[in-house]
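Coordinate-derived values only; no laboratory data. Bear in mind the structure is a predicted one, so any value in this text is a computation, not a measurement. Counting neighbours? That spans all protein chains shown, and the Cβs are built from the backbone with ideal geometry, glycine included.
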Amino acid sequence: MKIGDGMYKPTRRDFLKLLGAGAAWALLGCAQPQKPAATPTPTPTPTPKPTPTPPKELKIGIISFRAGPAAAFGVPAHNTLDYLVEQVNAAGGIAGAKVKVVHEDQGLSPSDTVEKAKKLCLQDKVDVVTGIPGTNHTLAVAPVCDENNTFFLQCQARAEYGTWKDPEDPSKGVFDWVFHTANSTTSHAVQAAYIVKELFPETKVIAQIHQDYAYGYDNYNYFTAAIKKLMPDAELLDPLYPKIFSPDYTPYVSELVEAKPDFIFTSLWGTDFTRFVDQLIPYKLLKGTGGNTILEGYWDFYPAIGRDIPVFGHPQPFNQGSIEYEEYRNILIWYKKKYGNLEIAAVADIISSFYTFKAAVEKAYDEKGAFPTRDEIRDAMENLGKVSTPYGEGIMRKEDHRVLWTIECGVLAEDTKGYGLPYLYKPKITLEPSKHEPPAFMKGTDWIAKW
Amino acid sequence: MRDELKNRKLFLYIPFVIVLFIIPLGGEYVTYLTGLALVFGIAALSLNVLLGYTGLLSFGHALFFGCGAYSAGLLVKHFNITSLEILLPVSIVSSIALAVLVGLICVRHTRIYFTMLTIAISQLFYALAHKLRPITGGDDGIRIYSVHIFGHEVGSITEFYYYIVVTFFISLFCLRIILRSPFGLTLQAIRDSELRARFAGVSIMSYRLAAFTISGLFAGIAGAMYALYLGQISPDDVLSVLRSGEFVAMTLLGGYTSFIGPIVGSFLFTYLKAIISSAALYWYLAFGILIVSIVIFVPTGLMGEIEKRWRIG
Amino acid sequence: MIPQIINGLIFASILFLVATGLTIIWGILRVVNFAHGSFYLMGVFIAYSITRLSTDPALHLAAPFIAGAITGIVGIAFERGLLKNVYGRGELFELLLTYGMIFVFMDVFRILWGSMPISDPTITFKLGVIPLGGPVVPLYNIYLIVIAAVLAALLWFLLIKTKVGMIIRATSFDTEVTSAFGVNVNWVYALTFFLGCFLAGFAGGLMLPITGAWIGLDVDMLILALVVLVVGGMGSIKGALVASLLIGLVRSFGISMFPAIELAIVYLIMVVVLIVKPSGLFGGVEVEG
């Protein structure tokens, strides 16, 4: 590698080859670069006239993983949003305004996600940014949207502190434009704890295995704190923390098989969960395979990759949304039919954010009698009270911008009602928000400590 | 002929400087991208000190970029210090220290072994940053919630952009002076023929170590400015081998035989990535074909080709 | 204890196959193939397409072999089509070319197999478990270790005992002399690349039932293979064997004993070896610039 070493002299042929390669690359790689939307007139100032001003277009930007190990969680988010928007537009839009979706892929590093968020806010001038699994990505994007007076409806990342200006200091309050519409990590962990207590009270030994990142550690901390309160006599084994997206679980499986716990709680998700279970099944440890151990985890990732759930009789922590609601059930059935797979959590999450936004716009419109400004929508969102969705009503908690849900969770049973969805919970427990979500500005562990 | 070359280059430089200063007129998104391009430009320049001038390919340069970023981040997180006039010097000092330490290990080796070693060490620190949650925030990283300079709080991305511009030019001039000095010429002599240099009495290791340190130092500056610009740092962002690879790609794209090649590469790469990854689903394919094409057809990169033609023509 | 050893051996076996491929490509062609992880991933994907055709266990067991062969052929196409254009430019350029290919392959996989992760554990279910003293172990795991060992033995036989192997090894010493003896060096390069990529693809196929595949696995495997390459000594198959065992067992026991820093330990080993013996445990003299 020498400068000007004379070993390579470009010829005209080479130059032509370069042009050819460049053209081929340009054709392959670049579709028409997205032209920035025609600058809309700045949010219309409120008019005193009762007749509605012509509604502007509403834009929702979604950032979520469309490739890679998290794609099973991201792709359904994109697809569901498209579907919901299509339905709503066919019915006349939101308060008369048509909705448009801008899709962005989520990069592996938070800075790439931030750059996409900036593009959505500044170039595409979206009204809403949503999606974004991964607490570190979500935390990075929050200030970006807030600076640009754009709604950030967190629905795929589960940190209960996602809306806080400083995740370490709740006294600083929340961002004006950031809302969290789905349930939190605390909810998952606490659901799991209640399931053990209510549905498997004879459990003596509990093992845990979580991915070694924020969500995994949080699950361990919250679950352990909750179990210590609910079942003080249970023995908790040391947790296992495999690297995320590294699904060779053979060493971890050995540990578990040797320990033979009564109950395993895991927050592994995506292919990590399915690979883990596949590797566990041959050892005949789990109930339904020849053993007696109950495994609680995200069994819905099997249908997400188009496979049937291999073993029933095990519980799963859920996101908001009960399939007893027909409208919600129809969306799930539609998705499975169209795509051949179904990841229920992502679908439920996007429903929560889309309908929160819809409710806020409609409320502001009703109050004003004309199409509202973004600020008016924001005030309406904060003061929504109840959020109406295909799976019932959520409650908007004004102080920390979180929507709270009543959650159903339980043991997965085979489909006996003919829905084609194996998510009937037999037995199941229902938890009110106050039972599975911490109060405003409290992290999970602090809240559980006060039980 | 040399003057002619110089004049041609001036034609490029002056408009470039002007454009940099008026970029904010193009909107916040373009400003943001340009700021990124400048910061990565400093990092790529620093990489080229090792690659183009010393003949060593570092595939772990994110280590120093991350060192600068985390130095700033740790001060913010644990001591609530947000003043640029403290954060930047501390990042510089820590980058120098780390560069000397790592350099002592690395410069004993050349060629492929050097490259492997840089990968190994940067991965080690990546793993540590990931695991030491209480200190580094783990994969959540550290949020830098505000930046101050001499008491005044930086109000906007655009304002910080100008600080980046200033830092960029200072780094640029420093590196220019260093690489044009007798030191820089000796470095190139070592690169071209180690044997001859040794016969001339040059201490190869000291020169390589010095180059390594300079390289790490400026990468650290870039990292610190990046951290403050973005407001959120995490291992996948500033310490990953993918980030190191991007620096290499930028240097390759713009041309490692030219002083300003890495800067050109950084701008091209940053803008192209932003445009293509939004417009098309297959950014990686485009990126890969770009790298492969350059390696086969245009190994000295864009500036390398341009400078060759200017010299010939 | 026994499960930890078996688990360590599985990981070590796969690492060994992949790293051996990498090391012979380096040894003969003096190229560090950064795209090696991509060939590994290719093997998983191809094996998946094969196993989707039927649930016949024989097909599933044959899948890694077929996947390896196809991967090997793609490897030849790459080497003859693209890589040979940069021979003689210096190893750094060759490395950079393979680096660019990582991204090309990534999106090609995405185009051909979609964005979602895939897996097919059918064969592990079908083979069941066998008791080994106290604990039970999936039979597929044992099979994997055995087949990797068999392949290693075959490779050793090929390289040491056959004429073809002798030619390959001779080429690694001195290309000018061997071509003076009438050996077509280009054929040797192509064959070596085939072998190297076959091993990577084969290893990938073996892991299909256990880990499956997703975009990103290529980089993960590449990094580990580089660690093994360096620790064992670049160009040494014996070194690859020892280093794979070391890394595999460290990881397996590390997970039970010091889980917090298990990943960092692997890199630390690499750094220490590079400091103390830069050419690796069994590496030859480092070629000076």
Loop-only chymotrypsin sites (Phe, Trp or Tyr not before Pro) in segment C:174-214, please: DSSP not H, G, I, E or B, and at most 16 other Cβ atoms within 10 Å.
C:Phe181
List the longest stretch of chain A that has no exposed loop site; here a site is one of the trypsin sites (Lys or Arg not before Pro) assigned by DSSP to anything other than H, G, I, E or B, with at most 14 other Cβ within 10 Å.
A:3-203
Summarise the partner chain shielding of C:119-130 as one whole number: the mean count of Cβ atoms from other chains within 10 Å of each residue's Cβ.
3
Under the rule that an exposed site lies in a DSSP loop and has at most 15 other Cβ atoms within 10 Å, name the longest stretch of chain A with no GluC sites (Glu not before Pro) of that kind, not counting the sites themselves.
A:203-323
Local charge sum around A:Tyr241 (other residues, Cβ-Cβ under 13 Å, Lys/Arg +1, Asp/Glu -1)?
-4
Alpha carbon centre of segment B:166-219 versus segment B:233-311: separation in Å?
23 Å
How large is the convex hull of the Cα atoms of chain A per residue, expressed in Å³ as a whole number?
193 Å³
Which value, in Å³ per residue, describes the convex hull spanned by the Cα atoms of the protein assembly as shown?
171 Å³
DSSP loop trypsin sites (Lys or Arg not before Pro) in segment C:42-98 with at most 14 other Cβ atoms within 10 Å of their Cβ, which ones?
C:Arg52
To make sure I understand the rule: partners must be lysines, Cα under 17 Å from the Cα of C:Lys238, and not fewer than 8 residues away in the same chain. Which ones qualify?
C:Lys161, C:Lys277
Set of aspartates and glutamates near A:Lys125 by C-alpha distance (under 19 Å), chain-local residues within fewer than 8 positions excluded
A:Glu57, A:Asp82, A:Glu104, A:Asp105, A:Asp112, A:Glu115, A:Asp146, A:Glu147, A:Asp176, A:Asp375, A:Glu376, B:Glu28
Among the lysines, which have Cα under 17 Å from the Cα of B:Lys308 when same-chain residues fewer than 8 positions away are ignored?
A:Lys2, A:Lys9, B:Lys6, B:Lys9
When N counts the residues of segment C:1-150, how does its alpha-carbon radius of gyration compare numerically with 2.2 N^0.38 Å, as a ratio?
1.20
Quote the FRET efficiency, to the nearest 0.05, computed for A:Lys287 versus B:Arg309 with a Förster distance R0 of 56 Å and r equal to the Cβ-Cβ distance.
0.15
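Pick out, in residue order, every one of the trypsin sites (Lys or Arg not before Pro) in segment B:1-94 that is DSSP loop and has at most 12 other C-beta atoms within 10 Å; say none if there are none. Could the numbers behind the result be given before it?
Values: sites: B:Arg2, B:Lys6, B:Arg8, B:Lys9, B:Lys77; in loops: none.
Filter output for segment B:1-94: empty list.
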Work out the P(r) tail for segment B:2-312: percent of alpha carbon pairs separated by more than 35 Å, whole number.
17 percent
Please give, to one decimal in nm, the separation of the simple spin-label points placed at A:Glu432 and C:Leu139, each 7 Å out from Cα toward the Cβ.
5.6 nm
Residues in segment C:165-209 reached by a label modelled at C:Phe157 [backbone nitrogen below 14 Å; 7 Å Cα→Cβ]
C:165
Taking A:Met231, C:Met166, C:Met221 and counting other C-beta atoms within 10 Å, the order from fewest to most
C:Met166, A:Met231, C:Met221
What distance in nm lies between label points placed 7 Å from Cα along the C-beta direction at A:Leu237 and A:Tyr325?
3.8 nm
May I ask for the net charge around A:Gly291, where only other residues with Cβ less than 9 Å from the Cβ of A:Gly291 are counted and Lys, Arg are +1 while Asp, Glu are -1?
+3
How many angstrom separate the Cα center of segment B:51-129 from the Cα center of segment C:70-138?
31 Å
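Excluding B:Tyr284 itself, calculate the net charge of residues whose Cβ lies under 10 Å from the Cβ of B:Tyr284, where each Lys or Arg counts +1 and each Asp or Glu counts -1.
0
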